[in-house]
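Peer 1: Before I ask anything, let me first share the structure, which is written out below as structure tokens.
FYI, it's all coordinate maths here, none of it is from the lab. Treat the numbers as computed from the prediction; the structure is a model and nothing was measured. Methodologically, a virtual Cβ is constructed for each residue, glycine included, from the backbone with ideal geometry; neighbour enumeration extends over all protein chains shown.
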Amino acid sequence: MVKIFAAGVLMIFLLLIVEMCRRQKLTFKYALGWLVFAIVGLAAVIFDTYVAMLSAWCGFIVTSNFIFFCLMIFFIILSLFLTTFLCQQNKRNDAMAQKIGILELELQDLQNDIKKRHG
């Protein structure tokens, strides 16, 4: 019963991410991590025996501890990638603000030149 519920929640999550990409509310670049999360989670629900074997091989006594550990690692990595994208966006914004400032200064100079010639 729990497997069916977990699989259902992950399928709804997967469909939600795909729908957000389709409506262009989320770009594929940012959705990729969430899609991987949903697909890996769905595979873990379906093949839970392998998850338990991998958990034991890694030294975890309780499989749920292994799952929480994997989720923690996933979210740390996802946070790192999102932070990287955010830093890149900040650099683009800074460059754009500088270009806009230069264009405004050039426009002001041109307007002053026109006033001097006609005024």
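Peer 1: Of all residues in region 58-73, which are out of contact with any helix residue (DSSP H, G or I) (no Cβ under 6 Å at 6 or more places or on another chain) and outside any loop (DSSP other than H, G, I, E, B)?
Peer 2: Matches in region 58-73: Ser64, Asn65, Ile67, Phe68, Phe69, Cys70, Leu71, Met72, Ile73.
Peer 1: Let me ask something additional. Please verify whether Ile102 is among the aliphatic types (A, V, I, L, M) and either farther than 26 Å from Tyr30 by Cβ or surrounded by 11 or more Cβ atoms within 10 Å (Cβ to Cβ) (or both), treating the condition exactly as stated.
Peer 2: In short, yes.
Peer 1: What are the residues in region 57-80 that are surrounded by 12 or more Cβ atoms within 10 Å (Cβ to Cβ) and more than 18 Å from Val40 (Cα to Cα), if any?
Peer 2: Once the filter is applied, which keeps residues that are surrounded by 12 or more Cβ atoms within 10 Å (Cβ to Cβ) and more than 18 Å from Val40 (Cα to Cα), region 57-80 yields only Phe60.
Peer 1: Does Ala38 qualify as being among the small types (Gly, Ala, Ser) and in contact with a Leu (Cβ under 7 Å, 6 or more places away or on another chain)?
Peer 2: yes
Peer 1: Using the structure shown, decide if Leu54 is touching a Gly at 6+ places or on another chain (Cβ under 6 Å) and either part of a helix (DSSP H, G or I) or surrounded by 12 or more Cβ atoms within 10 Å (Cβ to Cβ) (or both).
Peer 2: No; evaluated as a whole, the condition is false for this residue.
Peer 1: For residues that are within 11 Å of the chain's Cα centre (by Cα) and not in a helix (DSSP H, G or I), scanning just region 6-43, find the one that is surrounded by the fewest Cβ atoms within 10 Å (Cβ to Cβ).
Peer 2: Applying the filter and picking the extreme gives Thr27.
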